[in-house]
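Each remark here refers to the structure printed beneath this line.
The values are calculated or read from the model by the stated rules, or taken from the named source; none is laboratory data. Computed from a predicted model, the values in this text were never measured in an experiment. Note that each Cβ is placed from the backbone with ideal geometry, even for glycine, and that neighbours are counted across all protein chains shown. Accessible surface areas use protein heavy atoms only, side chains included; no ligands, DNA or RNA. Shrake-Rupley method; radii C 1.70, N 1.55, O 1.52, S 1.80 Å.
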Amino acid sequence: MAGTADLVDAYADLCAARPGYAKAEAYFDGDVDEIYASDKVARLLAKSNLDELDAINFARIPVTAVTDRLHITAITTGNDDADEDIKQLIKRNQLDEELPGLHTRACSQGDAYLMVWPTLDADGNVADVDMLVNGAATVRIIYDDENPLRKKLAIKSWTIGTGKDQQIRVDLWYPYRSDEDPARIERWVWAGKHSKKNDKWQPYTEDGQDAVLPNPFGEIPFFHYRTDRPYGRPEHYAAYGPQSLINKLVVSHAATVDFQSLPQRYGLIDPTVDQSGMQGADFDPESPYDDGADPEDSSNPSQLRNDPGELWLLQGLKGVGQFEAANPQVYLAPFDRYVKAMAQVTSTPFSEFDSTGDAISGKARQEARASQTARVQARQRSFGATHADAFEFALRLLGYDDADVTVRWQPADYRDDTEGWATTNAKVDAGVPRERALIEAGCPPELVEAWMRDLDDDAELARRADLLLKIGNAVQALGTGVQLGAIQEGDVRQLLDGMLGATARLGDTEANR
């Protein structure tokens, strides 16, 4: 039986996208092969194992510079029972660990998927819900050509076994369209290695179930996280070129280091020199008469002694010298330039690549990070909307028909330095609403709401703002301590969490007096 047109087209689309995802993953992980100018150069480097030198990978920085600022602070509905079930879903599916990985995969490859599907009890009722991360190399949503906002179908494909026992499995997931086009799951298998010349797709029934199963929930259970539409592009896509050249410079420089430590030398022969007389020990390691002999043995004394005041007589040579190795600046200067080029083409602040440069003011840092901050906010909007859709579907499976999920993020540009809090005070003094000033400073809205609840005393607000200013000074001092190695970054985070939590509790206590 031949596969359907949907199956053939969807599988071809999935396979065509895989090389791009593999390339993105290789650049993110630093597993990119170097580009050689010639086969001879490749052989020379392979001779010294330099072709296996681990890359100095800068290409992952444009990705981590975004994902390090994607922190979910809360996923809520306003319904206590639903919120409790969300906590259980997060715990059951280890989403505290899985979701950051999902964000990283979506940003490093452009696309990632979260599958939401129920587990049933013996009576066929929903007992719980699985929320599992899937990679773009195995899952792909195909969008409707007429309406690109609508999911036409989803394909998931994986390989079972190897060699002659290899099988390619494919599941096609359809949403409900009409009674004639119901929601369903089509299951297919291809025995052996796939070939475009043949069509050997067969319905899969080896597990005892039908090849076509009903989808009782009417929706495609895959949720698409992407950096663009309809499909994303890796955050570090523009870094591929600079990283390839950096790899080449690093390998080429490594090849010259030995020659800088132990330079090659030469001697110029003078054919007019009379070489009669004693020439030193005659030793030939290839001669049968010298078998087992040691050229450094006392019976084979060298005429060249490495002692002060010794005179070296080099028979037959009229001059000696050494070949100069390549100047390191030939590699280091363009190395720095390509790192800067990577920062420019990926719109990533150069401070993300080099944190040892001159310190800049908070305002200058904020301006330098403006483009990146906008990108982080865009990811928060896109990923947050997809998270909400996924959790609302999970709650519907659990019996909540009208759940409205809200995903809150840590602000994309949190200001915790002295200058930032001084600016916040100035905004409040100039008449900017208190809540707006604090949110613009990067305080989570829910924390601002808790602070402002039942708080109408401007003096109390000023006291808290002054307290935040002092906390900002402490943060700056602690940051210096981290740089000097006097305190660990993890200890600082724990300390600040405790300070901010105590501040919030203190405010709540005083507001309730």
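Ranking Arg379, Arg177 by solvent-accessible area of protein heavy atoms (1.4 Å probe, all protein chains present), from largest to smallest, gives Arg177, Arg379. Taking amide H positions as modeled 1.01 Å from N, with prolines and chain starts lacking one, the residues under 5 Å from Leu153 and 5 or more places away or on another chain are Ile142. The string of couplings for region 107-112 from the Karplus curve (6.51, -1.76, 1.60, θ = phi - 60°) is 6, 7, 10, x, 9, 7 Hz, one whole number per residue in order, with x for Gly and Pro. Per-residue accessible area (protein heavy atoms, 1.4 Å probe) orders Cys443, Cys15 as Cys15, Cys443, starting from the largest. Electrostatic tally near Thr119: other residues with Cβ closer than 12 Å to its Cβ, Lys and Arg +1, Asp and Glu -1, net -2. Given Lys23/Lys164; Lys164/Lys197; Lys156/Lys193, which pairs have Cα atoms separated by over 24 Å? Result: Lys23/Lys164 exceed 24 Å.
Note on Tyr21: accessible area is roughly 20 Å² with a 1.4 Å probe, heavy atoms of protein only. Largest to smallest in accessible area, the residues Lys151, Lys91 fall in the order Lys91, Lys151 (1.4 Å probe, all protein chains included). Ligands, DNA and RNA aside, Asp270 has an accessible area near 40 Å² when probed at 1.4 Å.
In region 114-270, the ratio of gyration radius to Kirkwood radius, Rg to Rh, stands at 1.26 when only Cα atoms are counted.
List residues of region 161-197, by number, whose backbone nitrogen lies under 15 Å from a label position 7 Å along Cα→C-beta of Glu206. Once the point is set 7 Å along Cα→Cβ of Glu206, 161-171, 187-194 turn out to lie under 15 Å by backbone N, inside region 161-197. The fraction of Cα-Cα pairs per 10 angstrom bin, counted from 0 for region 86-163, comes to 16, 34, 37, 13, 1 percent, rounded to whole percents. With a Förster radius of 25 Å applied to the beta-carbon distance between Glu489 and Gln94, the computed FRET efficiency rounds to 0.55.
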